[in-house]
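Before any comments, here is the structure.
The values are calculated or read from the model by the stated rules, or taken from the named source; none is laboratory data. Since this is a predicted model, take the numbers as computed values, not measurements. No Cβ is skipped: glycine too gets one built from the backbone with ideal geometry, and neighbour counts run over all protein chains shown. Note: accessible area is taken over every heavy atom of the protein model, side chains too, but ligands, DNA and RNA are not part of it. Shrake-Rupley method; radii C 1.70, N 1.55, O 1.52, S 1.80 Å.
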Amino acid sequence: MLLRVAGGFGIALAGALLAVWAHMPLPWMLGALLLTAATRIAGVGTACPRPARNAGQWVIGTSLGLYFTPQVLGHIGSNAGPIIVGMVFALALAFLGTAILRRFTDVDFKTAWFSSAIGGASEMANLAERHGARIDRVATAHSVRVLLVVVAVPFIFQWWGVAGLDPTVPGPRDVHGLGLAALVALTMVGGAAFVKLRLPNPWVLGPMLVAMLLTVSNIELSALPDYVPKAGQLLIGWSLGHRYRPDFFRAAPRFIAAVAGFTVLALMLAFGVGAMLSLWSAAPIPTLILGTTPGGIAEMAITAKVLQLGVPVVTAFHVTRMVFVVIVTGPIYTYLARKQSNSA
């Protein structure tokens, strides 16, 4: 097992270094993701332990929380309206995706619904299991969606040349040994508490909440060393790439094609919604587009951080969207399923 883990980490690191050499956007995450996924699909039996992804998410959550100064919170408050629109837009995408999957694949309604909801992959899989949907199809759908968004969006934004358009400086800027140790300890307690309470995305949201409370209270224990965010991106990329199996594309090609088509359409709509929200918000269009893209919290926050595109606003969009979708997806399915059975 240790050899499989070491091999997986070596492949992820090699992919990241190749991506840095090739000047790819988000090289530490995308390079690790793409080479790991390619080797896994090719049949290389490497392993990525769950603590690796948890550690990567802890890094992202903690680094995000350090951006939330009192001034930044005021800026987020002024974007409350667009953030609510982003939540409703995510729900609308679930209905659109369900219609597409029902039309072009053989999956039942509940599987199509939980495959299309833009929530956390693990949370949607749990809801799918609870309601008797096909977990394998739901997990596949979210893997395809996240992969396409994570790969496509950074390249689009790099081609667009909008990096640095909306920079936000985190609260603490200097690294202090004792302060860093305290920050690590407190944020890990936050993550463990979220796990204990069974809250969604615990190793992103728990550490982020603790770091955010410290920063907004002007308690600056320490910044994170420069290499830590890169290590976090590497671990996230490695864990995302590890989801893929040799039979991934052979298992349900029509279903995967339909999910890919839905994801591309959702991305196009996100660009349109982000552009329209610029009429309401003072935030730059790229920041608003990134806030409405159908990706995961950690991956989109990394994109915003590396490209300097309004990290706190993008994070607020995705955190509120994810919590909203996780809360309403189950009850809406129950209502729709009951309505279907009554009309049958």
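For ASP226, ASP136, write out the residues from largest to smallest accessible area, computed with a 1.4 angstrom probe and no ligands counted.
Highest to lowest solvent-accessible surface, that is ASP226, ASP136.
Among the aspartates and glutamates, which fall within straight-line cross-link reach of LYS339, defined as a Cα-Cα distance under 17 Å, with same-chain neighbours fewer than 8 residues apart omitted? Within the straight-line limit of under 17 Å, LYS339 reaches these aspartates and glutamates: ASP108.
When a/c reaches 1.5 or more, the comparison of a/b and b/c decides; with that in mind, is the stretch 51-134 rounded, prolate or oblate per its Cα gyration tensor?
Working: a/c = 3.78, a/b = 1.61, b/c = 2.35.
It is oblate, given that a/c is not under 1.5 and a/b is not larger than b/c.
Element breakdown for the chain at a 1.4 angstrom probe: carbon and sulfur atoms account for 68% of the accessible area. Computed over the chain, relative contact order equals 30 percent, with contacts defined as Cα pairs under 8 Å that lie 6+ residues apart.
Taking 23 Å as the straight-line reach from the Cα of LYS305, the lysines in range (excluding those fewer than 8 positions away in the same chain) are LYS230.
Computed per residue of the chain from DSSP H runs no shorter than four, each worth -39500 (n - 2.57), the mean residue ellipticity at 222 nm is -25000 deg cm²/dmol. Rounded to the nearest Hz, the phi-derived 3J(HN,Hα) couplings of the stretch 284-295 under the Karplus curve 6.51 cos²θ - 1.76 cosθ + 1.60 (θ = phi - 60°) are x, 4, x, 5, 5, 5, 5, x, 9, 5, x, x, where x marks glycine and proline.
Accessible area per residue, 1.4 Å probe, Å², for the stretch 1-102: what's the number? Kindly include the intermediate steps, with their values, before the conclusion.
Values: 4330 Å² over 102 residues.
Solvent-accessible surface per residue comes out at 42 Å².
Rolled with a 1.4 Å probe across the full set of protein chains, the surface gives HIS131 an accessible area near 50 Å².
Can you tell me the dipole magnitude for the chain around its Cα centre, using point charges on the Cβ only (Lys, Arg +1; Asp, Glu -1), in Debye to the nearest 20?
Values: 23 positive and 11 negative charges, 203 e Å.
Dipole magnitude for the chain comes out near 980 debye.
Read through the labelled values (1) 1.18; (2) 0.99; (3) 0.96 and report the label of the one computed as Rg/Rh (Cα atoms, Kirkwood Rh) from the structure. Recomputing Rg/Rh (Cα atoms, Kirkwood Rh) here picks out (3). The 3J(HN,Hα) values that the Karplus relation (6.51, -1.76, 1.60; θ = phi - 60°) gives for the stretch 137-144 are, in residue order, 5, 4, 5, 4, 4, 6, 5, 5 Hz. Gly and Pro appear as x. For LEU180, the solvent-accessible surface with a 1.4 Å probe is about 40 Å², rounded to the nearest 10. Across the stretch 25-32, coupling constants 3J(HN,Hα) worked out from phi with the 6.51/-1.76/1.60 Karplus curve, θ = phi - 60°, read x, 6, x, 5, 8, 5, x, 5 Hz, and Gly and Pro carry x.
Heavy-atom accessible surface of the stretch 197-308, averaged per residue, reaches 41 Å², computed with a 1.4 Å probe.
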